[in-house]
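J.: Can you read through this structure? Questions will come right after.
The values are calculated or read from the model by the stated rules, or taken from the named source; none is laboratory data. Model, not experiment: these values are computed from the prediction. In this analysis, Cβ positions are derived from the backbone assuming ideal geometry, glycine residues included, and neighbour counts consider all displayed protein chains.
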Amino acid sequence: MLNVLDRFRSASTEFDQRLSLVRPEQWTAPTPCAEWNVRQLVNHMVRGNLNYVDLLAGGTREDFLRLRDADARGDDPLAAYTVSVQLVVDAFSRPGALDQLLDYPLGQVTGRQALAVRATDSTIHAWDLARALDVDDRLDPGLVAWISEDLEEIYAGLVESPVAADTTHRFFAEPEAGSGSGSRQDRLLRLMGRNP
């Protein structure tokens with residue numbers, strides 16, 4: 001996880017590329033995340049980025065959860081997303097930020113681990129958005145390989161994770177059947193509760 005800022009930038013680019021393709025009539029389209037349409041998924045991404053910045057500034061898990069669904073998309077979702085990504089990059093690039101302990105909703109983590117979780121979330125949600133828009137859903141193979149190889153490390157020590165047998169699935173979708181078959185991307189997506 002040495003290059004976690006680069007991983008986050010790459011994952012954000014994956015999402016941004018799909019976000020730029022949203023047509024006005026697609027904001028209410030369903031996504032693979034059953035509880036969200038495109039508008040709600042994009043808000044989740046913008047708000048999530050802002051919440052990570054807030055954690056680094058001393059925010060609490062209670063603040064994070066309270067603000068989780070607050071509107072952050074505004075009138076220009078693409079601009080809101082772009083700004084939120086840059087805020088994360090700026091905040092986590094500061095000296096000591098990656099080693100700082102954060103009061104994350106799933107347990108205390110370093111900035112490095114929190115950003116790895118965020119990069120993973122951004123990658124998977126880029127696929128969700130691609131599916132909702134019916135555009136190319138192939139993810140960056142380097143990101144897929146990194147997440148696949150480091151998944152246990154990315155979520156190490158958290159009270160819930162997508163790979164833990166005893167998770168509540170409050171924060172992560174339940175793995176799909178057949179998670180051991182198909183391409184590396186397909187296997188990862190099934191593990192993360194998607195049906196590629």
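J.: Before we move on, is R94 at pLDDT below 95, surrounded by fewer than 19 Cβ atoms within 10 Å (Cβ to Cβ) and over 23 Å from L21 (Cβ atoms)?
T.: no
J.: Ok, one more. Would you tally the residues in segment 34-67 being within 23 Å of L98 (Cβ to Cβ), basic (K, R) and either out of contact with any Ser or Thr (no Cβ under 9 Å at 6 or more places or on another chain) or modelled with pLDDT under 90 (or both)?
T.: Total satisfying the criteria: 1.
J.: Kindly indicate whether L78 is over 24 Å from A156 (Cα atoms), modelled with pLDDT under 95 and outside any loop (DSSP other than H, G, I, E, B).
T.: Here the answer is yes, as L78 does meet what is asked.
J.: Answer with yes or no whether D137 is assigned to a loop (DSSP other than H, G, I, E, B), buried (at least 18 other Cβ atoms within 10 Å of the Cβ), modelled with pLDDT of 95 or more and not aliphatic (A, V, I, L, M).
T.: It is true that D137 is assigned to a loop (DSSP other than H, G, I, E, B), buried (at least 18 other Cβ atoms within 10 Å of the Cβ), modelled with pLDDT of 95 or more and not aliphatic (A, V, I, L, M).
J.: Restricting to segment 15-58, and then to whatever is among the basic types (K, R) and under 14 Å from G74 (Cα atoms), can you tell me which residue is nearest to the chain's Cα centre (by Cα)?
T.: R47
J.: Would you point out the residue of segment 175-190, among those that are closer than 17 Å to T123 by Cα and over 15 Å from the mean Cα position of the chain (by Cα), that is modelled with the lowest pLDDT?
T.: Here the residue is P175.
J.: I need the full set of residues from segment 8-50 which are polar (S, T, N, Q), closer than 24 Å to A145 by Cβ and out of contact with any Gly (no Cβ under 8 Å at 6 or more places or on another chain), in order please.
T.: Within segment 8-50, S12, T13, Q17, N49 meet the criteria.
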